[in-house]
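Step one of this worksheet: look at the structure below.
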Amino acid sequence: MRRTLSFRFLPFLIFFGLCATLAAMQAMPRFNTVTPDTGKAGAEFTAEGEHLEKANVAKLYLTDGKLDIEVQIMLQTGKAIKFKAPADVKEGRFSLMILTTGSAPKLLVQPVKVTIE
């Protein structure tokens, strides 16, 4: 005998499929700009973008692709994060990198850069 999927389970399958889709569509944080784009070690910067609230962004880093340096977040809203570069960071050009929150945190390298002089 051949078994077929009963249509009574179809609404449950659709429901769970929609839930999985909505979970995957969670807004990802991203930066559009950072000001100033150049500063000294210990300087304060403001990165602007979207979905940057504490519910989405756990930590912020400067990265050169080899070394990831955690920065101190001074102020955080949905549209901006004000942060301070560590006083002992070496000179160089760094991308900003976000650690997301949630059950499966992700490191997201952003398309904005700062230069430490």
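Computed from the coordinates by the stated procedures, all read-outs in this text should not be read as laboratory data. Here the structure is a predicted model, which means the values were calculated and not measured. Counting neighbours? That spans all protein chains shown, and the Cβs are built from the backbone with ideal geometry, glycine included.
Observations on the model:
- Less than 5 angstrom separates the built amide H of Val57 from those of Thr101, all sequence-distant by 5 or more or on a different chain.
- Whole-number D in µm²/s for the stretch 29-116 (Stokes-Einstein; Kirkwood sum over Cα pairs; 37 °C, 0.692 mPa s): 260 µm²/s
- Efficiency of FRET from Cβ geometry, Ala41 and Thr101, R₀ 25 Å, rounded to 0.05: 0.35
- Distance between the pseudo-spin-label points of Gln76 and Lys90 (7 Å out from Cα toward the beta carbon): 2.8 nm.
- Using a Förster distance of 22 Å, the FRET efficiency for Lys54-Glu117 (Cβ separation, nearest 0.05): 0.15
- By the rule of a C-alpha distance below 21 Å, with chain neighbours fewer than 8 residues away ignored, the lysines paired with Lys79 are Lys54, Lys59, Lys106, Lys113.
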